[in-house]
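Before any comments, here is the structure.
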Amino acid sequence: QVQLVESGGGLVQPGGSLSLSCTASGSIFSIETMGWYRQAPGKKRELVAYTVSDNTPIYIDSVKGRFAVSRDNAKNTVYLQMNSLKPEDTAVYYCHLFYSSSAASPLRDFWGQGTQVTVSS
């Protein structure tokens, strides 16, 4: 069993900052990628940012220079620092994990429950 516990999010004014964190626990042997997706009302879920196995960060263009993703491997925790937030960043943010449960197991993915981020004046 794997569990993802997300924290952070909330309401912030445009131009403000928020931070999210997500901690994975359970039957995890290795993590391939760990990061964040988001889904706004009426829109498809989209990738926001993630870290690959060597902790290299990857971002979608719309958040480059404003968001920073990082991972603490010892804690199996991924963070998302969101600065200069815009109303269009409003969405439910989901933590995503791509992992294996043993050396012989295939990679599989797992989703957090989501946390609301609202950017509004």
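Details
- Picking from residues in segment 1-32 that are open to solvent by 60 Å² or more (accessible area, probe 1.4 Å) and of a type in the set (A, V, I, L, M), the one that is nearest to residue 79 (Cα to Cα) is 5.
- Restricting segment 68-114 to residues that are within 12 Å of residue 8 (Cβ to Cβ) and of a type outside the set (Phe, Trp, Tyr) leaves a set whose member that is surrounded by the most Cβ atoms within 10 Å (Cβ to Cβ) is 78.
- Residues (touching a Ser or Thr at 6+ places or on another chain (Cβ under 7 Å), part of a strand (DSSP E or B) and under 16 Å from residue 115 (Cβ atoms)) located in segment 23-49: 23, 34, 35
- Residue match in segment 33-54 (condition: farther than 15 Å from residue 109 by Cα, β-branched (Val, Ile, Thr) and either surrounded by 13 or more Cβ atoms within 10 Å (Cβ to Cβ) or out of contact with any Pro (no Cβ under 8 Å at 6 or more places or on another chain) (or both)): yes
- Residue check, residue 35 touching a residue at least 12 places away in the same chain (Cβ under 8 Å) and under 16 Å from the mean Cα position of the chain (by Cα): yes
The values are calculated or read from the model by the stated rules, or taken from the named source; none is laboratory data. On a predicted model such as this, the values are computed, not experimentally measured, just so you know. Methodologically, a virtual Cβ is constructed for each residue, glycine included, from the backbone with ideal geometry; neighbour enumeration extends over all protein chains shown. Surface areas here come from the heavy atoms of the whole protein model, side chains and all, with no ligands, DNA or RNA. Shrake-Rupley method; radii C 1.70, N 1.55, O 1.52, S 1.80 Å.
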